[in-house]
Structure formats: C-alpha cells, structure tokens
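FYI, it's all coordinate maths here, none of it is from the lab. This is a predicted model, so every value here is computed, not measured. Cβ atoms come from the backbone with ideal geometry, glycine included; neighbour counts cover every protein chain shown.
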Amino acid sequence: MSCSDVSDPVLLKTPAKLNLCLRILGLRADGYHELITWMQQISLYDEVRIEPGGKRILVYADQEDVPGGRENIVHRAARVLREVSGRKALGARIYLKKNIPAGAGLGGGSGNAAGVLWALNRVWNIGMDKTELCEVAARVGSDVPFFLDGPAALCRGRGERVVAKESLRSGWFLLVKPPVTLPTKVVYGWSREQLGREERFFDEKNAPARLGRYEYGNDLEEIVFPRFPALKGLCGMLVCYGAVRAMMSGSGSTVFGFFRRKKDAERAAIRIKKSKIGGKCEIFLTTPLEDTCFL
C-alpha cells in the first residue's frame, strides 16, 4: 500500500476469530461483563476497499443482513478516528465484501473496523503509533484492539486489554454456522439476567491472572445451548466425527471443531452437510493464522 497518493484505493483482507476459551467472571459496575478470553485469528476473510477523499464517511456492504452507513461498526471506527485527529474534513468511501457470516461469533465486524482504523491512520496521515491506535479501537468495540494486535491473544476486561499469546501452528478448524443469527448484545443480555440472579458480580481481588486449568470452553454455552439445542447437537457431531474438541465461538451461533488432520476435517464436513441438522448450515474449513494481518 502506498500512502503517497491518498486518492489511491486501499484493499485489505480482514480475518475472523475464534474464542478458544471464554470465561465470564461477573458483572461490572458499568454494566459490561468482565471476561477473560483466548482468541485466535483464522483464515476466513472479509475484503475491504477504502477510497479516501471527500469530506464524508460512506460505508457500503454487499450483504442485506449487514448494515451500511452509520449503523455499521466500520463507520463508527472512521468517525472516532477522525474525531480524535481533530480534522473534521477527512472522508472516505468504504466497501465491505462479506465472507464472514454476521451474528456468528466470529468477529467479522470488529476485524473490519480494525482494518479500517489501520488503513485510515496511514492514508489520512494521522500518524498514530500502535498503542494510540489501540486506545481508539477500544472506544469502537471490545474486540477491535485484538485484531490490531493478533493473531492470538489473551484478552481481559471487556476484551479490550490484550496480551499477546503464541499462535497455534498446526491443525484445522471446521466451522459450522447454522441459519441462526445471535446478536452479541442479545446473548450478553441473557447472560446479564442470569448473572444478576446469581448475584455474580466482578471482584478484581478474586480475578484469575490466567486461564489455568480452564484452557478451553465457553461460559456462554450455558446461556445459548438451552435456547438453541441444535448448537449443542452440532458440537456432539463434530466430536463424533473426529474433532479433538468442539465448542461455540463467542456469543454464537457458530460452533467449531479442532482437527489435527485436514482429511479428517474434510470427512466430517461431508458427513455434517449430509445430515438433517447440518444440511442448512454454512461450513468453512480454516487454519490458525501465525502472523498479524496489519503490519
């Protein structure tokens, strides 16, 4: 990418992520959930085209279930960056080609926002360093700083406190996305109701410093699976067909299995697609990323 001519379009690929572990530690005073999560970027990408110029920020998406304009997190990212820069006349047209399903727990929108922050920081000649840009990213969304860091990290707080973790270097992830969309706010709303009944509020003094024995697993499965038992069934199928482990990513609705060999994952994909429960699902075979997408 050349930054010498701000009229040149910028093309990016922004990755999806999986939560290999997600622990909900309790409710915070600000109403958010305190969590600790291990996230890994994977080889499933959206494509982003940025045409800098003009005085307006315009966002377009190619999928009907992904909002354009000000409702898209990408628009918010560009607005916040422009606001922090103090240069109100900055503008850009941003086009999103979505391959990562929305409402799937895969962080597609957050990855888009991170990529746009990274690119606009350069083409708008704002000159923020990585730390400053991550502070802006935290204002945009909880998972956005992770995508600027990546490709694997342990994230705490709302998810905005990122500590690099060694990426997985082998294996295959088979993702199964049923025809169910689970907005993150809705799922965390269900969780807030349950945690409130349990009076489970976050106490910094008792917070774990790391994952320890709870290296894999997703606390939100306790919230989602009773409402959508098909997701639990798909996890069972993944294990039955050879996955080392299977779980839900983020707030769902995607579930995934980890396979050591590609051919085992491919066989599982065929069997799930032929099944009654898996016939209407989107299925993706991916690998863990070893390097960050934004350098």
Which listed pairs, of 17/98; 165/232; 130/165, have C-alpha distances above 19 Å, in listed order: 165/232
In the chain, helical segments from DSSP H whose Cα atoms cover 20 Å or more along their own axis and that average at least -1.0 on the Kyte-Doolittle scale are 108-123
Taking R0 as 25 Å, what FRET efficiency do you get between residue 186 and residue 283 from their Cβ-Cβ distance, rounded to the nearest 0.05? 0.55
To check you understand DSSP bridge types, tell me what percent of the beta bridges within the chain (both residues inside) are antiparallel, rounded to 5. 85
Round to the nearest 0.05 the FRET efficiency obtained for residue 216 and residue 274 when R0 = 25 Å and r is the Cβ-Cβ distance. 0.35
Kindly provide the helix-only [θ] at 222 nm of the chain, computed as the sum of -39,500 (n - 2.57) over DSSP H runs of four or more divided by all residues, to the nearest 500 deg cm²/dmol? -9500 deg cm²/dmol
What order do you get for 86-92, 114-120 when each peptide is scored by the mean count of other beta carbon atoms within 10 Å, highest first? 114-120, 86-92
For segment 25-96 versus segment 119-195, the gap between their alpha-carbon centres in whole angstrom: 12
